[in-house]
Amino acid sequence: MSPDRRTLHLLFAFVLAATVLLGSASPSGAQEPSDDEREVAVNVVDRKGTADRQDDEPVGGVVIVVTDDSDVEVDEIETDEDGKATITLPGEGQFTATLDLDSLDEDVGLPREGRDAISIDPNRARILNFTLGDRERASSSTWDKVPQLIFNGFSFGLVIAITSVGLSLIYGTTGLVNFSHSEHVTWGAVVAWWINVDHDLHIIPAALIAIAIGAASGAIVNRLVWSRLRSRGMSLVAMMIVSIGLSLAARSLLQLLFGGVFRPYRQFYRQGGIDIGPITTTPKILWMIALIIVVIVAIASLLQYTRIGKAMRAVADNGDLAASSGIDVDRVILFVWALGGGLAALGGILFGLQQQVQFEMGFRLLLLMFAGITLGGLGTAYGALVGSFVVGMFIEVSTLVVPTELKNVGALLVLVVVLLVRPQGILGRAERIG
Amino acid sequence: MDWQFILSVSLTTAFGPQAIVFALAAIGLNMHFGYTGLVNFGQVGFIAIGAYTVAMGVDTFGLSFWLCVFLTFFTASVWALVLGVPTLRLRTDYLAIVTIASGEIIRLVLRANTFTDTTGGAAGIQNFAGDFFGLNPFTGDRKALNIPGTDVGVTYSANQFWVLLIGWSIVALTCLFVYLLVRSPWGRVLKAIREDEDAVRSLGKNVYVYKLQSLAIGGVIGAVGGIIFAVSRQSVVPDSLGTALTFFAYVALVLGGAARVLGPVLGSIVFFFLSAFVDVALREAIEADVITFLVGSEVGVVRNILVGVGLMALMVFRPQGIIGDKSEVAVSVRR
């Protein structure tokens, strides 16, 4: 990043921080309270049932009733679209602010038990925070959520699948368990963000450029690092440790360049939901699903019918045999890296559209990608697709019984059970190992 | 730039509680990677197990501190079985994949709101090592020990001195233990597994059981490091147990020299000297406006970049580290 762009980013972060600080300290302008009248700022936030602060949304139109210590109503306010409101207390004494639960929309969560009323300390309290979404609505029964969860799992599984094909193919052709694959995913999303936001290009052309850059990066990393290490005769265990080092270095570099925050793309950020039967979704998710299915069909055709695709499968199956039958293994590996880098970038961009762009986004997917390709069968392309899809589906549907914040734990469980029962994976071929 | 200050801070860190924690974590990894050829990317999980067994045992379940220290041997061994049983019959890749997931999973579970009553959630648990510091014979203010004739030296508080005395004693005992282990017939089998698993199997040894034992012993050593991690701060917070810790331990191991008893200890001291040196020197340089393209909060990130690049460079250019033997480090394909 150029120095002046960095300055701009820092300035941006600073202004953002300052806005947030000032905003929460004095939401209605810096008015000094008079002696007998005190103002208290109110924030209402929907935590969406997760510990993750990034998906929090302010809730507007919520009615809050203020009563004094003898339960006499002294004020009634309604939050604005930023979830903010100001209570004016008439004087000294003990007051209680109570959330009117009937004024909440159907689609926002409820506050935790007993947290719908907050008593206002007359001497200290300047800000009251109401958090919603800590308690599930009793009205939506468990089974009503099943279609929605299956749909979420379907779309999330597809994103994992698209990112993990490359990881599995690289493993198949070179034997390398590439822990830095997650950074290829993040890199694609971040490059697209730079082009989209800094250069003000629509996300679709920006994504195409970013995918091309991602593919080139894959090929370059192979040329600069991995093909050299292979020709030095480095063992796969040692290369695995090198890939961990590369992962840590690349992730931290992205953190330095991009900052620690979550940032959305310019387009398709917030879309109104559409209802299809029992499922609520957004147009972008539907387009995303269609796009991924097209790409998967394209990859399958590439592997099945083209010369290079057949060569890739041949090398993955048995490198020595492939080489002796005249296939240029190095060229195939280069192609696999470019394909893997490009697909990782595509997956990263789609993941960034679904959620937001952040330097650790790829790393958060890595565990799921590994669970997926192990489930499908390490080294097989189709296995990676099937396995990732199953993992995505499993972790979303598992939230029926598992708290949302723990859903990724299920992925490890899948991994362990698969290794115990069928270590070669769904589509892998059994071989005697140990 | 105050070089005396920078050197003093670096020395203080190099022999401080953190260096003990990572020396132990790296000794554990040495058992796995150096002697047995297993790649465990979840050593931070064992550190977390050690730290939380003591913190939760004392704070949540009201057990005695010393009982919890013993319990750690049990909990870490169980965790090693959980990781090892499904993976150790397979190629070493599978262990690496499962362990890198496991460290992150432990952190997610520990910080989950759902279990806040037991684990303390994201805020963690504080002040559980009163029994340990109650025995502290040192009193008084912070003391500085300078290298004779200079103003450069280390500075620790009385409580830190107590942690250091016990901690480095444990490191010394652990090194002795590992030394005896790897020279025993059992240790020779481990090294043979690292060199050629199939050959060992053909001699009738149960490779799977040897690997499980190695994973458990190395894990327990890492968990003891975790106890010191928790006790020295009187605090455990899940987010201080990120995956990067495992890689710091790897750098310490490879830097010092894998498959050498003292390699990880030397590596940890040198690693923390260099890491603190870079850290403090960068911060000083930023304060003195020598470096203007960074801000103070980015220094930790820059250090992580250097750690990552350093690990790559070490593996490629000097896999045997400072005191290792290249023929003992499984880095090149010999068959």
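Points to keep in mind about this one:
- Residue match in region A:367-376 (condition: surrounded by fewer than 22 Cβ atoms within 10 Å (Cβ to Cβ), part of a helix (DSSP H, G or I) and among the β-branched types (V, I, T)): no
- A count restricted to region B:86-99 and to residues that are more than 7 Å from chain A (Cβ to nearest Cβ) and assigned to a helix (DSSP H, G or I) stands at 2.
- For A:V414, the conditions (1) outside any helix (DSSP H, G or I); (2) more than 17 Å from A:G166 (Cα to Cα); (3) hydrophobic (A, V, I, L, M, F, W, C) all hold with the exception of (1).
Results for (1) more than 22 Å from A:A161 (Cα to Cα); (2) within 14 Å of chain B (Cβ to nearest Cβ); (3) acidic (D, E), shown as yes or no for each residue.
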{"position": "A:S182", "(1), (2), (3)": "no, yes, no"}
{"position": "A:N196", "(1), (2), (3)": "yes, no, no"}
{"position": "A:A216", "(1), (2), (3)": "no, no, no"}
{"position": "A:G233", "(1), (2), (3)": "yes, yes, no"}
{"position": "A:L236", "(1), (2), (3)": "yes, yes, no"}
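- If you filter region B:100-115 down to residues that are surrounded by fewer than 22 Cβ atoms within 10 Å (Cβ to Cβ) and more than 14 Å from B:D239 (Cα to Cα), you find that the one that is nearest to the other protein chains (Cβ to nearest Cβ) is B:T114.
- Counted residues, region B:125-158 - those being modelled with pLDDT of 85 or more and either within 14 Å of another protein chain (Cβ to nearest Cβ) or surrounded by fewer than 13 Cβ atoms within 10 Å (Cβ to Cβ) (or both): 5
- Selection count, region B:153-198, where residues are of a type in the set (V, I, T) and closer than 17 Å to B:A26 by Cα: 5
- Those residues of region B:222-244 which are touching a Phe, Trp or Tyr at 6+ places or on another chain (Cβ under 8 Å) and part of a helix (DSSP H, G or I), in sequence order: B:G222, B:A223, B:G225, B:G226, B:A230, B:V231
- Test: residue in region A:331-348 that is in a helix (DSSP H, G or I) and either within 19 Å of B:R91 (Cβ to Cβ) or within 11 Å of chain B (Cβ to nearest Cβ) (or both): no
- Condition check for B:G62: more than 9 Å from chain A (Cβ to nearest Cβ) and either buried (at least 23 other Cβ atoms within 10 Å of the Cβ) or touching a Phe, Trp or Tyr at 6+ places or on another chain (Cβ under 6 Å) (or both): no
- Note on region B:206-258: residues that are of a type in the set (D, E, K, R), closer than 25 Å to B:T116 by Cβ and in contact with a Leu (Cβ under 6 Å, 6 or more places away or on another chain) amount to 0.
- Residue that is farthest from B:S327 (Cα to Cα) [pool: residues in region B:178-214 that are of a type in the set (S, T, N, Q) and over 27 Å from the mean Cα position of the chain (by Cα)]: B:N206
- Within region B:159-177, considering residues that are of a type in the set (S, T, N, Q) and surrounded by 15 or more Cβ atoms within 10 Å (Cβ to Cβ), the one nearest to the chain's Cα centre (by Cα): B:T174
- Every residue from region A:240-250 that is touching a residue at least 60 places away in the same chain (Cβ under 8 Å) and at the interface with chain B (Cβ under 8 Å from one of its Cβ atoms): A:M240, A:I244, A:L246, A:S247, A:A250
- Residue, farthest from B:L90 (Cα to Cα), within region B:184-221, restricted to residues that are of a type in the set (K, R) and part of a helix (DSSP H, G or I): B:R188
- Candidates B:S275, B:S240, filtered to the one that is more than 8 Å from chain A (Cβ to nearest Cβ), surrounded by fewer than 19 Cβ atoms within 10 Å (Cβ to Cβ) and small (G, A, S): B:S240
- Residue satisfying all of: in region A:140-163; of a type in the set (S, T, Y) and in a helix (DSSP H, G or I); nearest to the other protein chains (Cβ to nearest Cβ) among these: A:T163
- A residue that is in contact (Cβ under 8 Å) with a residue 12 or more places away in the chain, out of contact with any strand residue (DSSP E or B) (no Cβ under 9 Å at 6 or more places or on another chain) and on the phi > 0 side of the Ramachandran plot occurs somewhere in region A:366-385.
- Just one of the listed residues (B:V270, B:V278) is under 19 Å from the mean Cα position of the chain (by Cα) and farther than 26 Å from B:A122 by Cβ, and it is B:V270.
- Selected residue [out of contact with any helix residue (DSSP H, G or I) (no Cβ under 8 Å at 6 or more places or on another chain) and among the basic types (K, R)] from A:R251, A:R313, A:R307: A:R307
- Selection status of A:S168, within 17 Å of B:L311 (Cα to Cα) and within 14 Å of chain B (Cβ to nearest Cβ): no
- Total residues in region A:295-354, condition free of Cβ contacts under 8 Å to residues at least 60 places away in the same chain and small (G, A, S): 10
The values are calculated or read from the model by the stated rules, or taken from the named source; none is laboratory data. Since the structure is predicted, the reported quantities are computational estimates derived from the model, not experimental observations. Here the Cβ is made from the backbone with ideal geometry for all residues, glycine too, and neighbour counts use every protein chain on show.
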